[in-house]
Each structure stands twice: as structure tokens, then as C-alpha cells.
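Down below is the structure, laid out as C-alpha cells.
A short reminder: the numbers here are calculations on the coordinates, not readings from a lab. The structure displayed is predicted, hence computed values, not measured ones. When we count neighbours, we look across all protein chains shown, and the Cβ atoms used for this are built from the backbone with ideal geometry, even at glycine.
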Amino acid sequence: MAVNYNILTILGPTAGGKTSVATRMAYILNGEVISADSRQVYRGMDLGTGKDLEDYVVEGTPIPYHLIDIVDSGYKYNVYEYQQDFIQVFNDIQSRNKFPVLCGGSGMYIEAVLKGYKLIHVPVNEQLRSVLEKKPYNELVEILASFKTLHNKTDIDTRKRMIRAIEIEEYYSENPQLDVDYPKLTPLIVGVKFDRQSQRKRITSRLKQRLDEGMIDEVRKLLDRGISSETLVYYGLEYKFITQHITGELSYNEMFKKLETAIHQFAKRQMTWFRRMERNGFKIHWLDGYAPMNEKTARILELLGKK
RNA sequence: GGGGAGAUACCAAAGUGGCCAACUGGGGCAGACUGUAAAUCUGCUGUCGUAUGACUUCGGAGGUUCGAAUCCUCCUCUCCCCA
């Protein structure tokens, strides 16, 4: 029985070659790419986020992409906004009879849209915050526990998150209607990965390459533009360690080693998320990164039932 | 050539007769995670499919002792200082 997939998802850990597979598929399917990357949304953050914009031209044809370069660096984007933006882009692509290819490595963003997390806009409640901020942590735990149903299951390991969690529950309790008009998605999910040893090698050589291409200058430019080092550190990985190098906290070698390790660990966490998705019922069809492109695309077409 | 310091698990580093299969940090592995998610947090990490269990470890070889990573002897190697 043929399944009518209405979206193709390409996921996988960093440095696995997802983008080229996604753009190739978009080229074949007359489609457009929707990025699922929590850091590529920022303008001016290219090398550090591994945007690979040159991959968006296949056989001389530019492939339209979405949710890349949509906000200024310095801004703090989040899942809620991502989901909203995704819905809009998805509907738009469908209305133009193009095929959407979701591609990225931000597990939570992917799951948020494929699973349709119920996220609604919860405004900041300054009054509530000022009250909660005076209370001890254990009292906050009790307050959060007092809500019958929890909509927000995030970590509450810090006071800040705890207060935000209560703020969200508080809002839900007063605004019970939370059904948003969510598009019906029937995704085919394909993962691209290499064996761990190869993955590590790829991460390291890609890191060296991007440093050669001027990744440090990119970060320096952001600092010059007035983005605080705290914000850059918040962005993590490349932006975090390179900023610490620029401010003199880390030598070049220390920066390189720590960053390399951090990216390896990040790739591992990405895989942990994907495995969890599989346990939770998402079928991910894994492709060996070493397979040639035509083999990958043939396999995906086969899975899509277009062969 | 003379003097001194040291060799501990993947790495660094505690431990200096029993409470040591060995503190701790890093790394590695596994996991949690719906509003920071490139974040944050948790567990495991000598071997034995489980173990209040067994077995093998603290440079090597001997020895002392009821008992050694810890004490003694010899050997090998590393580092530092003076020549």
C-alpha cells in the first residue's frame, strides 16, 4: 500500500552531509528546503553554523530554502517561533504545489513540528514573575506541581526555567483553548550518518576548514557589531569557544581542542535525540553517509514510492 | 660525571600497610529533555551476561607481613638541577 507522504525529512548529526542530500531531493522532487536548524536562522552567522549555502544550487538550479537567515544575530529565537514559522512556510509551499523537504539537526525543532507540539504564545507576566522571584525554590516546585495537567515538560533545573514553566501553566489554566490550526503531516524520515570514527574525522576536518575560511573573523565581526560576548557564548559551540579565544580566555590551541570535543559531544547528543524519536514511534530510515549520492536519492525515491 | 624527583586505570591526578577495584577532573559510553535545545541535566566507565559475588590491577622481578598501590632489595624508564 502506498503512503502519500507530504513532507520529506532529512535529519542526522552534524557534518553528515544532510544538506546536499536534501537539496538534491528538492531538485528531483521539484521541492523546497525548510531548514530545521536552531542556529542557521541567524543572519551573519554562516561559517559557525555550517550553512553551506553553496549546496543550494544543484546542477545550476538554485533550490529555494526557508528558515535560514530570518532573524538578526543577537536575537534569541526559540521553538515556539520556529513552529509558527514552519507552519507558515509549509502551507505556503503546499499552496504552490511544491514538495517540502525538512532538513536539519535540531532534534527538538524537528520533533516539535512533526509531532505538532501544542505550543501557544504565552506572554511574559511581569506581575507573576516578580511574585515568584521572591519565593524559595522548593515553594516554586510545589506551585508547579499544583497544576493538574502540565503542558510544559521542560527541565526546571534553574529558577529561571522554573518561573517560566509556572508562567506557562498559569497562562494555560486561564486560556484553556490551545488547539491551533495545525497542518496534517505525513513525513518520510530519512537519517544520514557515518560510523562514529568517520563522523569524528569529518567533524575535525570540517572544523579546520572553516577556521581557515575565516570563522574567527566572522565571530569578531559580530562582536564589533555590538553583540555581547555573553550572547555569543549563549549560542554555543563555535560562537562560544571562538569568543572565549578572542577575549583571551582561551589560547588558539585550547579553543580548538575544546571546540572539537564539544562538537563531538554535540553530535552524540543529536543521535541520542534521534534514537529517542525512534523509540517514541518515529520510523527513521538510516542511510550510510558513505553511499554515493545517486544511491541515496534512489533509496529515498523508493521509500517515497516514486519508483 | 654528581645531586634530586617520579613511574597509579584511556589521559591528568589523589592515595603512602587493612575502610582501595582505588578520591577527583577530563575524555568516552548511555540516558533525560515541549518555550535557552549548538542549551541544560543524570547515570555508568578493570573483567566476568545478573551480583551484600568471583577474578585480575597501581613500571618489572623478588622479599617482609595475617594483610601491600602503600614497607625493603634489585632492575627498567622518565623528568629536573649542578657539571
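Restriction of the GluC sites (Glu not before Pro) in the stretch A:1-93 to DSSP coil positions whose beta-carbon has at most 15 other beta-carbons within 10 angstrom yields A:59.
Put in line by how crowded their Cβ is, counting other Cβ atoms within 10 Å and starting with the fewest, A:195, A:52, A:181 read A:181, A:195, A:52.
For the pair the stretch A:271-299 and the stretch A:19-63, the centres of their Cα atoms are 18 angstrom apart.
Residues whose amide H falls under 5 Å from that of residue A:7, counting only those 5 or more places apart or on a different chain, are A:186, A:188, with hydrogens built in the peptide plane. For chain A, with a Gaussian network of springs between Cα atoms less than 10 Å apart, report the residue from A:233, A:101, A:41 with the top mean-square fluctuation. Taking springs between Cα atoms under 10 Å, the residue moving most is A:233. For residue A:103, the residues whose amide H sits under 5 Å from its own are A:10, A:34, A:35, A:36, ignoring neighbours fewer than 5 places away on the same chain, with H placed 1.01 Å from N. First check a/c for the stretch A:213-252, with a ≥ b ≥ c the square roots of the eigenvalues of its C-alpha gyration tensor; if it is under 1.5, answer rounded, and if not, answer prolate when a/b is larger than b/c or oblate otherwise. Rounded, because the longest to shortest axis ratio a/c is under 1.5. Rounded to the nearest 500, the 222 nm mean residue ellipticity of chain A from helices alone is -16000 deg cm²/dmol, with -39,500 (n - 2.57) taken per DSSP H run of at least 4 residues. Rounded to the nearest 20, the Cβ-based charge dipole of the stretch A:158-291 about its Cα centre (Lys and Arg +1, Asp and Glu -1) stands at 740 debye. Taking the charge dipole of chain A about its Cα centre, with +1 at Lys and Arg Cβ atoms and -1 at Asp and Glu Cβ atoms, the residue from A:163, A:50, A:194 reaching farthest to the positive side is A:194.
With all pairs of different C-alpha atoms in the average, the Kirkwood value for the hydrodynamic radius of the stretch A:172-307 is 18.5 Å. Ordering A:273, A:286 by the number of other Cβ atoms within 10 Å of each residue's own Cβ, fewest first, gives A:286, A:273.
Seen through its C-alpha gyration tensor, with square-root eigenvalues sorted a ≥ b ≥ c, chain A comes out oblate because a/c lies at 1.5 or above while a/b is not bigger than b/c.
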